[in-house]
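Asker: Structure incoming, see below.
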Amino acid sequence: MTDTPQIVLGSRNRKKSGEIKELLAPHGFDVVSIADVADIAEVVEDGETFAENAAKKAREPALELSRWVLAEDSGLMVDALDGRPGIYSARYAGENADDQRNNDKLLVELAGVPPEQRSAGYVCSIALSDPDGQIRLTTEGCCRGRIIDRPRGTNGFGYDPLFLIPEYHRTFGELDGAVKRRLSHRARAFQRFIPLLVALFRSDC
Ligand code: IMP
């Protein structure tokens, strides 16, 4: 394929979309948010894994719009909670939960758990669908850290004020966005994804 097509970002989370656009920006892809393209129904996230949900969030809008759609599913897996909240991260405290309520619930669930047992990982799974609904690329990235016992910092979103990067002694809520763009689960998934995307659009596909 010689001309790189416009890619629709299948996420309505503005902070997440902003991070994705910043990760893709240096590579010159033409990316547009789904909310700016069409008013289509939200995809039901009923997959059992991040990868299944990412594929669904890419495929369904791609078929509906006949466009290339890039989607990601991500979340927090806490070791002491057997991987919860996992794929339910966005709705941990209920269907209409916001970041504050999810974070409050996480702190309650981890009450009394000592620092050395509060290890956790953020996971990000990416999928790219072509306009026919075929998943053409998938990658995953992970970022390890520790859940602290009170929020620190206002950067990022979601669980970031509770997610400590031990090497920096700071949470993602405290660290500059540039650091998150290098270290995060999303950054790592895109570091793998971008070369594949470049190769895909440079080849005859
Ligand atoms: P999704 O939009 O269904 O993939 O849900 C992602 C949820 O996982 C978010 O609403 C957050 O609760 C959490 N999450 C994913 N990535 C991040 C991140 O980079 N920082 C903080 N929370 C995140």
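Coordinate-derived values only; no laboratory data. Keep in mind it's a predicted model, so treat the numbers as computed, not measured. Cβ atoms come from the backbone with ideal geometry, glycine included; neighbour counts cover every protein chain shown.
Asker: If Lys and Arg each add +1 and Asp and Glu each add -1, what is the summed charge of the other residues whose beta carbon sits under 10 Å from the beta carbon of Ile87?
Answerer: Working: positive: Arg84, Arg91; negative: Glu45, Asp46, Glu48, Glu52, Asp73.
Surrounding charge for Ile87 is -3.
Asker: Okay, next question. So how far apart, in nm, are the two label points at Arg12 and Asp46 if each is 7 Å from Cα heading toward Cβ?
Answerer: According to this spin-label approximation, the distance is 1.8 nm.
Asker: While we're looking at this one, here's another question. Could you tell me the convex hull volume per residue, in Å³, taken over the Cα atoms of region 7-204? List each step's numbers first, then the result.
Answerer: Numbers: hull volume 21.8 nm³, N = 198.
In region 7-204, the Cα convex hull volume per residue is 110 Å³.
Asker: Let me ask another. Report Rg(Cα)/(2.2 N^0.38 Å) for region 92-205, keeping two decimals.
Answerer: Details: Rg = 17.0 Å, N = 114, 2.2 N^0.38 = 13.3 Å.
With N residues counted in region 92-205, Rg over 2.2 N^0.38 Å equals 1.28.
Asker: Looking at region 99-205, which GluC sites (Glu not before Pro) are in a loop (DSSP not H, G, I, E or B) and have at most 13 other Cβ atoms within 10 Å?
Answerer: Details: sites: Glu109, Glu116, Glu140, Glu167, Glu174; in loops: Glu167, Glu174.
Passing both the DSSP loop test and the Cβ count: Glu167.
Asker: Determine the calculated [θ] at 222 nm for the chain from helices alone, applying -39500 (n - 2.57) to every DSSP H run no shorter than 4 residues and normalising by the residue count; nearest 500 deg cm²/dmol. Don't skip to the end; give the middle numbers.
Answerer: Details: 5 runs with 63 residues, N = 205.
Result for the chain, helices only: -9500 deg cm²/dmol.
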